[in-house]
Each structure stands twice: as structure tokens, then as C-alpha cells.
Amino acid sequence: MKDLDLAKKLVEAHASINEQISKVIVGQKDVIDLILISLFSRGHCVIVGVPGLAKTLLISSLANILDLDFKRIQFTPDLMPSDITGTEVIQEDKGTRERSYKFFPGPVFANILLADEINRTPPKTQAALLEAMQEYKVTVGGQNHPLPLPFFVLATQNPIEQEGTYPLPEAQLDRFFFQINIKYPQFEEEKEIVHQSTSGKEIKLKKVLDAEEILSLQDIVRRVPVADHVVDYAVRLVSSSRPQSPNAQDFVKNWISWGAGPRASQALIVGAKAKAILEGRKAPEISDVKALALPVLRHRAILSFHAEAEGISIETVIDKLVTSVPE
């Protein structure tokens, strides 16, 4: 199939996926779009939101619509790395009486993995997910075990309770393509949620894509052309978030202690490509980069003590950064 046909298929699939998800999820269109952009960009997402906002339902429904294998891990303080990756067990052959190790895969061997409340488990277990996210494989007993593709991790965090949590290391946060913050629904949306969830009506979701088609669509996103001035703007935007940069403005030097690295520039461009093609356009524009600046930068830039003391949020800093960097 030619690239143009694949691009049209992606636009049609985007509309169909939104139509199917709207059967079970009320509102949250921006959140759904960001998750799809991340999926087709081969990225992973960390989702921040209070309990009860249908994060699990959204992700499991998406896996159903895309005909992908879905697994969920509830992260707890006693969770071990082998509980995620799998373990080797000694087995004895009944005929020869010889013993050998057999690998039993863990829940990480799925297409879509929901890492629920990832900051509730110690760093050793968090790190077990790191190789899988970056290398698409798991190493157990010196043996490499490739993960099924596509592989998409969505990790959730609760912004309220911070007691007994282990904040994700910056290196691991940087490996998440987006940080998506889910807000409370509007009044009318919440009324519809209550009506829908208490009716007892069974909702059947239609499958839109499969794993092979998603891999093809991920490839087409990477091949989308991008103008040099768009790349130039994305790199200038990210470099301007670093207080050590000669381009950094005074508010950046006062409010940010560490800016975003090169992965942010890469995420802005790949995400802009995916956004453009999902919307039926042939190439991304600077407006696409601006639209994705918040989910790309909010978990990569670290606020300074002065910003926290003044009650300045990372969203305020990024909005000011976007408006201050000339096109």
C-alpha cells in the first residue's frame, strides 16, 4: 500500500476510533487525541489524574478497539521486578529426568500495558520497566526476550496522595513521550457519565485496526516530511527552556532549575508529524509544535525553588515560554 493510501487510512481510523471511544467515554477528546498521537509516534504516556476519571476504562477500551492485547499492573510497594518481567522456573523432563530453566512471561508481554500508580513502587521495580520501554525487550537470566509489537506503556499517577510514594527518576520520566493531565468533567458531562454508567446497558465496541496495521501506520508517521523552519522552532523552544542557554530569558533563569533535553525536541517533531497526519494534513506546522509543547515539556522541565515559593506552576512557565519564543 502506498504512503498516500496509508495516510488516508490513518485519518479514517482516527475518526472511527473517536466514534467508538465516545460510546464509553464522555468528553476527554483532547486526552484521547494525545494518547493516539503518542501511540502512532511509538511513544509512551504518563497520565496524571485523581481516581475515578475512567483512566483504566479509556485504555482498556482503546486496546479493544485496536484489537491489541491489554494487561494491567497495579504497582504496590512490595511489587518485585520479576512480577513485571516474568521469571525462570526449574522444570524436570519426565522422560530424561533432566532439569532445565523455563521462562514464564510476566504481564509486560502485552501490546498495551497499564502501569497503574507507578509511583507507588520502589525504584528497583520502576527500573524493570525502563528497558522494556526503551529497548522493546526483557532480559532475564542473561537471555533476551523480545516484546510483542506494537508496545505501548501508559503509566498513571495520583496527584493527591504523596505519602508512601517513590517519585519517578528524571531519566525514566524523560522516556515518556507525553505527560497527560486529566481534569474533572464538566457538569453536563458528569450527568451523562452517571446516566451512562448506571443504566446497565451493554456497549459493544467495533474493532478498527489490528497490530500489523498499527505498525504500518507508525512507519508512515516517521516518513512524514517536515520543513526546516518547523524543526528550527522546536529546537529553539526546547533550548530556551534551559536556564544555562544563551537564549534563556530572565523568567526561565528564575523559574526553571533544569530545562528539557534533546528527547523533548524529538518528541515535538514526531508528535507534530502524527498530529498533522491524523488531521489529514501532509506536513506539520509550527502551530502543531506549539499545541504539543505542554504535554512534551511539563515532565521534563524542573521548577526552581523560587517558582515553587511564588506558587508558579509548570504550565504557567511553559505557556509563557511558548509565547516568548519567536516563530
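The values are calculated or read from the model by the stated rules, or taken from the named source; none is laboratory data. Quick caveat: nothing in here was measured; it's all calculated off a predicted structure. Note: ideal-geometry Cβ built from the backbone for every residue, glycine included; neighbour counts use all protein chains shown.
Any idea which residue in region 246-261 is farthest from ARG298 (Cα to Cα), counting only those that are not polar (S, T, N, Q) and not in a helix (DSSP H, G or I)? Talk me through it step by step, then tell me what you get.
Taking region 246-261 as the starting set, the residues that turn out to be not polar (S, T, N, Q) are 246, 248, 250-253, 255-256, 258-261.
Still in the running and not in a helix (DSSP H, G or I): 246, 248, 256, 258-261.
Values: PRO246: 21, ALA248: 17, ILE256: 11, TRP258: 12, GLY259: 10, ALA260: 9, GLY261: 12 Å.
That would be PRO246.
For every residue, the table says whether it meets (1) part of a loop (DSSP other than H, G, I, E, B); (2) hydrophobic (A, V, I, L, M, F, W, C); (3) in contact with a helix residue (DSSP H, G or I) (Cβ under 9 Å, 6 or more places away or on another chain).
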| site | (1), (2), (3) |
| --- | --- |
| ALA264 | no, yes, yes |
| ALA267 | no, yes, yes |
| VAL270 | no, yes, yes |
| LYS275 | no, no, yes |
| ARG281 | yes, no, yes |
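Would you confirm, using the coordinates I've provided, whether SER61 is surrounded by fewer than 19 Cβ atoms within 10 Å (Cβ to Cβ) and either at positive phi or assigned by TED's automatic domain parsing to the domain that holds MET133 (or both)?
Details: surrounded by fewer than 19 Cβ atoms within 10 Å (Cβ to Cβ): no; either at positive phi or assigned by TED's automatic domain parsing to the domain that holds MET133 (or both): yes.
Judged against the criteria, SER61 is not a match.
Looking at GLU135, is it modelled with pLDDT of 80 or more and either outside the structural domain of LYS55 (by TED's automatic domain parsing) or more than 19 Å from ILE73 (Cα to Cα) (or both)? Walk me through it before giving the result.
Working: modelled with pLDDT of 80 or more: yes; either outside the structural domain of LYS55 (by TED's automatic domain parsing) or more than 19 Å from ILE73 (Cα to Cα) (or both): yes.
Against the criterion (modelled with pLDDT of 80 or more and either outside the structural domain of LYS55 (by TED's automatic domain parsing) or more than 19 Å from ILE73 (Cα to Cα) (or both)), GLU135 qualifies.
Listed residues GLY106, GLY142; which is surrounded by fewer than 20 Cβ atoms within 10 Å (Cβ to Cβ) and assigned by TED's automatic domain parsing to the domain that holds GLY52? Steps first, answer last, please.
Working: GLY106 fails: surrounded by fewer than 20 Cβ atoms within 10 Å (Cβ to Cβ).
Going through GLY106, GLY142 in turn, just one is surrounded by fewer than 20 Cβ atoms within 10 Å (Cβ to Cβ) and assigned by TED's automatic domain parsing to the domain that holds GLY52: GLY142.
Within region 243-275, being at pLDDT 90 or above and over 14 Å from PHE178 (Cα atoms) holds for one residue alone: LYS273.
Here is a yes/no grid of residues against (1) within 18 Å of the chain's Cα centre (by Cα); (2) of a type in the set (Gly, Ala, Ser):
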site	(1), (2)
VAL238	no, no
GLU279	no, no
SER287	no, yes
ALA293	yes, yes
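Return the residues of region 16-46 that are among the β-branched types (Val, Ile, Thr) and in contact with a Leu (Cβ under 6 Å, 6 or more places away or on another chain); say none if nothing qualifies. Write out each step before concluding.
Start the filter on region 16-46 by keeping residues that are among the β-branched types (Val, Ile, Thr), which leaves 17, 21, 24-26, 31-32, 35, 37, 46.
Selection gives ILE25 alone.
Those strands (runs of 3 or more DSSP E) of region 106-203 in which 3 or more residues are farther than 23 Å from ALA267 by Cβ and out of contact with any Cys (no Cβ under 7 Å at 6 or more places or on another chain) occupy 137-140, 143-146.
Scanning region 282-297 for residues that are at pLDDT 90 or above and among the basic types (Lys, Arg) yields a count of 1.
Restricting the search to region 73-99, which residues are surrounded by 11 or more Cβ atoms within 10 Å (Cβ to Cβ) and among the hydroxyl-bearing types (Ser, Thr, Tyr)? Passing the criteria: THR76, SER82, THR85, THR87. Candidates ASP232, ASP228: the one that is out of contact with any strand residue (DSSP E or B) (no Cβ under 6 Å at 6 or more places or on another chain), under 27 Å from GLU315 (Cβ atoms) and among the acidic types (Asp, Glu) is ASP232. Annotation note: Cβ proximity below 6 Å between a residue of region 269-297 that is surrounded by 22 or more Cβ atoms within 10 Å (Cβ to Cβ) and a residue that is in a helix (DSSP H, G or I) and among the basic types (Lys, Arg) (sequence gap 6+ or interchain) occurs for PRO284/LYS273; ASP288/LYS275. Just the residues that are surrounded by 15 or more Cβ atoms within 10 Å (Cβ to Cβ) and basic (Lys, Arg), please, taken from region 166-215. Hit for region 166-215 is ARG175, nothing else.
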